[in-house]
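Student: Shown below is the structure under consideration.
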Amino acid sequence: MTPEEMKEMAKTLGPLVASQLVERSKGHRDGYAPLLAPKADAAPEEPRRAPITGKHMTEGTGLNLIRFVKAKAVARMEGRNVVDVLKGWGDEVVSKALSQGNYSGLGSLVHPQFASEFIELLRNKAVVRQAGARVIPIGASLTFDRQSSTGTAFYGGETSAIQESEPGTDSVSLSEKKLTALTAVPNDLIRNASINAEEFIRNDLLNVMALREDAAFLRGSGTQLEPRGIRNQLDTAHVYAETVATAGSPTLLEMKKELNKAKRKLKKANVPMVQPVWLMAPGAETAILDAVGPGGEGYNALEREMVERGTLRGLPFFISNQIPETLGAGNARSELYLVDMSEVLIGESMALEIEVFPNGAFTRGGQLVSGISTDQTVLRAITKHDLAMRHRQAGVVVKDLSWGSN
């Protein structure tokens, strides 16, 4: 029988023989154990590390972006291609995305898919975004008209001339303001291919960007370089001082009156109240929770609502350290915000730029630090956005707030 004929016979008999072996092995597995076990003198197979990436693991987490940034840093350190570094780490998702586009070089532009994931996480970190501000895409700038005053209607006789009434308008402009973040990362973390290392870098970058963004969106000056915050866009009549008999020691009744006054102010201004929220500093929250009940009880109705329902006077509340507690008299005052967030617009460019500087120098506490001597890589992130209020009466700020100052 020729070799070719033997191959043909094996193909034909193979499935039949296999099925017979399986049938005969039923109930006799122990007898086949020695045949199935590895040889005693065989070298144990080296465990293979699972790929460090995968859509099911990293999609929507922002880690793909950080992995991309780390690979850029390693590529620069070692003079390699970014995609080659990623493949060497066992990556599939990021390397494939880069190979299909023009993002495999050492430029600073981030792949749109990874940028959108990171910005979505930023939305969940930044309080103004969490509270429900509306995000709209813009180019370099966007201008639209808004109504500043209403028209007037008149009653008249059958032949009376109808009086003209013209509503007042002004314009709202959104122009990109550049938010930058600089963070120094130990090179050991850059070289480490673990997800834990990437989460550490991601969280650090997110935190510094979210905190600075909130500071601008709440109280920004509105200069050419910084967005004008909510507080500085409101009508002057909607920014007023607290009413309290003894500063620093507000009673529960005084707190209720202050909260109700803010709600009444918005309603009288015909604010839609689609998504009204409270924004306050931690001290104000603590003062409400610690307020003594009307009968001297250790708890109060506002505290119970906040703890059990997550609302204050029926509205959601958010706490931010970016609302200062060092304002006013004795540098111990704060502010309380009530804002209809459906009236707050964030104009955003989805472009995200991240540049890496292996062993770059940076400033810390006013002192120049060398990345060479400290074995660190500097990451610089840039995104662009602006903020506008659709109507200047859509919020209230109670200034010089002494709740929690004692």
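Bear in mind that the values in this text are calculations on the coordinates, not laboratory data. These numbers were taken from a predicted model, which means no experiment stands behind them. Note: ideal-geometry Cβ built from the backbone for every residue, glycine included; neighbour counts use all protein chains shown.
Student: Using unit Cβ charges (K, R positive; D, E negative) and no other charged atoms, how large, in debye to the nearest 20, is the dipole of the stretch 253-406 about its Cα centre?
Tutor: Dipole of the stretch 253-406, to the nearest 20 debye: 760 debye.
Student: With a cut-off of at most 11 other beta carbons within 10 Å, and DSSP calling the residue loop, which chymotrypsin sites (Phe, Trp or Tyr not before Pro) in the stretch 169-251 qualify? Please list them.
Tutor: none
Student: Then there is this: Which listed residue (PRO282, LEU266, PRO294) has the Cα farthest towards the positive end of the charge dipole for the stretch 257-305, taking +1 on Lys and Arg C-beta and -1 on Asp and Glu C-beta about the Cα centre?
Tutor: Going by the Cα projections, it comes out as LEU266.
Student: Next question, about the same structure. Once you order the gyration tensor axes a ≥ b ≥ c over the Cα atoms, which shape class does the stretch 252-380 get: rounded for a/c under 1.5, otherwise prolate or oblate by comparing a/b with b/c? Spell out each step's value before the answer.
Tutor: On the way: a/c = 2.96, a/b = 1.88, b/c = 1.57.
Prolate, because a/c is 1.5 or more and a/b exceeds b/c.
Student: Label-point separation (nm) for ARG264 and THR326, each offset 7 Å from Cα along Cα-to-Cβ?
Tutor: 3.6 nm
Student: Between THR143 and LYS125, what is the label-to-label distance in nm when each label sits 7 Å out along the Cα-to-Cβ direction?
Tutor: 3.4 nm
Student: Search the structure for amide H atoms under 5 Å from the amide H of GLN376, placed 1.01 Å from N in the peptide plane, and list their residues when 5 or more places away or on another chain.
Tutor: ASN187, ASN359
Student: Which entries of LYS70/LYS177; LYS177/LYS263; LYS268/LYS399; LYS125/LYS384; LYS125/LYS399; LYS265/LYS399 show an alpha-carbon separation above 22 angstrom in the structure shown?
Tutor: LYS70/LYS177; LYS177/LYS263; LYS125/LYS399
Student: Roughly speaking, what is the stretch gain from SER173 to THR374, that is 0.36 nm per residue apart minus the C-alpha to C-alpha distance, in nm to one decimal?
Tutor: Contour length minus Cα-Cα distance gives 67.9 nm.
Student: Sticking with this one: Check LEU352: other-chain or 5+ apart residues with amide H under 5 Å from its amide H, H built from backbone geometry?
Tutor: Those qualifying (amide H under 5 Å, at least 5 residues apart or on another chain) are VAL110.
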